[in-house]
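Visitor: The structure's right below; bear with me while I get my questions together.
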Amino acid sequence: LKKAVKYFPNYSTAFTILGETYLAAQQYEDSANAFEKSLAINPYNDMVYSALIGEYEAQGRVAEAEAVQGRLRILNGDTSGEIVN
């Protein structure tokens, strides 16, 4: 996977899978970085937002989880400002 993202740096799916792999290995910071890179390439992938929110919440990183939730709400056209769990 590291080779895939090296040779295809604009392939968001490779970063998503890399993030999932890091998450399974409990390498949370690397996982979050991979998910964020995936979203930078393709900001329309709800699954990646959900994975990143769950990861941040599991680590107690509430502010980061809420920020990602806000980005997802905006993406989905919800500007109410309500936090959705």
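The values are calculated or read from the model by the stated rules, or taken from the named source; none is laboratory data. Since we're looking at a predicted model, the values are computed, not measured. Glycine gets a Cβ as well: all are built from the backbone with ideal geometry, and neighbour counts include every protein chain shown. All accessible areas refer to the heavy atoms of the entire protein, side chains included, with ligands and DNA or RNA removed. Shrake-Rupley method; radii C 1.70, N 1.55, O 1.52, S 1.80 Å.
Visitor: May I ask you to derive the relative contact order of the chain, considering only C-alpha pairs under 8 Å and at least 6 residues apart, and to give it as an integer percent?
Guide: Values: 74 pairs, mean separation 16.5, N = 85.
Taking the mean separation of contacting Cα pairs over the length of the chain, I get 19 percent.
Visitor: Can you give the angle from 0 to 90° between the axis of helix 12-24 and the longest principal axis of the chain, with both taken from C-alpha atoms, to the nearest 10?
Guide: Taking the Cα atoms of the chain, the angle to 12-24 is about 90 degrees.
Visitor: Apply the Karplus parameterisation 6.51 cos²θ - 1.76 cosθ + 1.60, with θ equal to phi minus 60°, to every residue of the range 53-60 and state each ³J(HN,Hα) to the nearest whole Hz, in sequence, with x for glycine and proline.
Guide: Working through the residues one at a time gives 4, x, 5, 4, 4, 4, 8, x Hz.
Visitor: Also, quick follow-up: At GLU29 and SER50, where each label point lies 7 Å from the Cα along Cα→Cβ, what is the point-to-point distance in nanometres?
Guide: It works out to 2.9 nm between the two label points.
Visitor: Could you please report the charge total around SER31, scoring K, R as +1 and D, E as -1 over all other residues with beta-carbon less than 15 angstrom from its beta-carbon? Walk me through the numbers before you get to the answer.
Guide: On the way: positive: LYS2, LYS37, ARG61; negative: GLU20, GLU29, ASP30, GLU36, GLU55, GLU57, GLU64.
Net charge in that neighbourhood comes out at -4.
Visitor: On the protein heavy atoms, probe 1.4 angstrom, tell me the percent of accessible surface of the chain carried by carbon and sulfur. Spell out each step's value before the answer.
Guide: Working: 2890 of 5300 Å².
Roughly 54 percent, rounded to a whole number.
Visitor: Just the Cα atoms of the chain, one point each, no solvent: what log10 I(q)/I(0) does Debye give at q = 0.14 Å⁻¹?
Guide: -0.46
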